1. Across the stretch 50-77, what is the total count of residues that are β-branched (V, I, T), over 9 Å from the mean Cα position of the chain (by Cα) and assigned to a helix (DSSP H, G or I)?
2. Which is exposed (fewer than 15 other Cβ atoms within 10 Å of the Cβ), small (G, A, S), over 14 Å from the mean Cα position of the chain (by Cα) and not in a loop (DSSP other than H, G, I, E, B), of A7, A13?
3. Inspect the stretch 104-120 for any residue being closer than 13 Å to I32 by Cβ and either at pLDDT 95 or above or touching a Cys at 6+ places or on another chain (Cβ under 8 Å) (or both) and give the result as yes or no.
4. Among the residues of the stretch 39-58 satisfying the criterion of being out of contact with any Gly (no Cβ under 9 Å at 6 or more places or on another chain) and over 19 Å from T85 (Cβ atoms), which is surrounded by the most Cβ atoms within 10 Å (Cβ to Cβ)?
5. Among all residue pairs at least 6 apart or on different chains, which show Cβ distances below 9 Å where the first residue, located in the stretch 26-54, is free of Cβ contacts under 8 Å to residues at least 12 places away in the same chain and the second is assigned to a loop (DSSP other than H, G, I, E, B) and crowded, with 19+ Cβ neighbours inside 10 Å?
Amino acid sequence: MSQERVAVIGPTAWSEKYTFVPALRVGDTVWISGATGTDENSTIVAPGDIVEQTRQIFRKFDKLLRSIGGTCEDIVATTDYITTTENYRKTADVRREFFKRGFPTSTGVIVAGLLREGAVIEISAIAVLGTRRS
């Protein structure tokens, strides 16, 4: 793979009005933009439920990575932006669902709010394709 910057849109529609892409691939490294727990209609799933929103974010990451031959197992780093610590510890169980062969590095940041109304967590990630453990 070349060192060219390639936008990764994934299987969903993406508007050209946005000034960012869902992910950017350079070689085997993929930087995934911050995502909130929205469905295919851009509606927040499980308002106020940090666990279900986390699960939805990782489902979105997995679909995005699968569109280029990867999975969540290729994620090497995540950053969580949270508006509440209520039930945040329970998101660890969600991470275990998606990272069965080893965990990525992770940073958690408490923020006053997120752009997406109703979101209580936003996660960004970095993946390196082909690094998942067997």
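The values are calculated or read from the model by the stated rules, or taken from the named source; none is laboratory data. Keep in mind it's a predicted model, so treat the numbers as computed, not measured. Here the Cβ positions follow ideal geometry from the backbone for every residue, glycine too, while neighbour counts run over all protein chains shown.
1. 2
2. Working: A13 fails: not in a loop (DSSP other than H, G, I, E, B).
None of the others qualify; the one that does is A7.
3. Within the stretch 104-120 (the criterion being closer than 13 Å to I32 by Cβ and either at pLDDT 95 or above or touching a Cys at 6+ places or on another chain (Cβ under 8 Å) (or both)), the answer is yes, since at least one residue qualifies.
4. Out of the qualifying residues, it is F58.
5. As it stands, the answer is V45/G37; A46/G37, since those pairs meet every condition given.
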